[in-house]
1. If you line up the long axis of helix 156-166 against the longest principal axis of the chain, both from Cα atoms, how many degrees apart are they, to the nearest 10?
2. So how do 45-55, 338-348 stack up, highest first, on mean other-Cβ count within 10 Å?
3. In Å, the Kirkwood hydrodynamic radius of the chain over pairs of distinct alpha carbons?
4. Cα axis of helix 110-125 to longest principal axis of the chain: angle in degrees, 0 to 90, nearest 10?
5. If you take the Cα Rg of the stretch 28-135 and divide it by 2.2 N^0.38 Å, with N the number of residues, what do you get?
6. Please compute the per residue accessible area over the chain with all protein chains in place, 1.4 Å probe, rounded to a whole number of Å².
7. At a 1.4 Å probe, what is the % contribution of carbon and sulfur to the accessible area of the chain?
8. Amide H neighbours of Ala98 under 5 Å, counting only residues 5+ apart in sequence or on other chains, H built in-plane at 1.01 Å?
Amino acid sequence: MPQRLIVVKVGTQGITTADGKLDEEEMQKLASQIAAATKNGDKIILVTSGAVAAGIAELGISPKQKDVAFQQAAAATGQSVLMAKYREYFKSYGLKVAQILLTAEDLSNRASYVHTCDVLSMLLKIGVVPIINENDVTSVDELLHAEGYKSNFSDNDILSVLVAGAVCADLIIILSDVDGLYTADPSEPGAQLIKTVDSITTEIGGLSGKSKRGKGGIQSKIKAAEIATSCGIPLVIANSRRENVIVDVLCGKEVGTYFKPQSRMPAVKRWIAYGAATKGSIQVNEGAKKAILEGSSLLPVGVTKVVGTFNEGDVVTLEGSDKKEFARGNPNYSSTQLNLIKGLQVTEVHSKLGAEKPKEVIEHRNIHLTEE
């Protein structure tokens, strides 16, 4: 069997007890399964939740769900506890681990994004298991309200698929506290497990459910599956407490809910579509919108308004005259420069900013359509 690269995400409920403490038995089982997969030749990246819960248990203080500073302090305390346990359990199987804490901004900057991929590749090459978590201590997306800013992820479900897309993973396994995706809330009579999802329809997207601990619910997992499959990566949602769940999924057994992949998206477009937070928006006239939807680049003459503050190379949304997003792109100009040249012909742009500047505001190869 060829070597595969797998991203495994485990939620807070999968590694904590009912009273919120780390469930050491479950963490041991998790390490054991990843060790078995590694022995069989697979490469595993683990995305883990649980730092906040571990920190609250360590501090012995009642949770304060709406206090961001408290949540971040708990994460800072719990992260070291969490990693110490992982190191202990993986070491018993002869494996080393590495901690990687990421924020939305780390993936939004293209250079940082590529560098993160390089580091992950190096760790896997030398036989280390990367353990990734959102950096709750410095992540301030909940506090960011800059005009035009939209975060790329809000929990570890989404983070896991962004990481998978970045490293071109072969499979994502999201371990939850339910057996998979159901036709209704699993607690309702008659709710049935959906074993395979061919495509994520409006009906699938409308299914709901919520976890008691942690940020994610089934909606977050469906969104993660939508991103993963759009990038050409299959995804499985399964119960973390099912015996040998990872081993069975990797052996091809029917476990949980399997989301079929679509065609694989080019690397740069994956980053533009899902990896990066958008830093602002560019509003264009109807002629420019029509041309972009038909496969053309965006020229300065088509720009009517610039919203927000962004730099050259940041990702922005493209909006029509109705102010609704129809695409995302990676501009050749900063918001300051673009405000100087919006609505101008190419010759006028060169006289204003110099002939060395590109004629396109955004080249078509750097545009991802969100509306067909």
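1. Around 60 degrees separate the two axes.
2. The most tightly packed comes first, giving 45-55, 338-348.
3. Averaging 1/r across every pair of different Cα atoms and inverting gives 21.9 Å.
4. Around 30 degrees separate the two axes.
5. Output field value: 1.18.
6. 46 Å²
7. Its accessible area is 51 percent carbon and sulfur atoms.
8. Val129, Ile131
The values are calculated or read from the model by the stated rules, or taken from the named source; none is laboratory data. These figures come from a predicted structure and were not determined experimentally. When we count neighbours, we look across all protein chains shown, and the Cβ atoms used for this are built from the backbone with ideal geometry, even at glycine. SASA here: full protein model, heavy atoms, side chains in, ligands and nucleic acids out. Shrake-Rupley method; radii C 1.70, N 1.55, O 1.52, S 1.80 Å.
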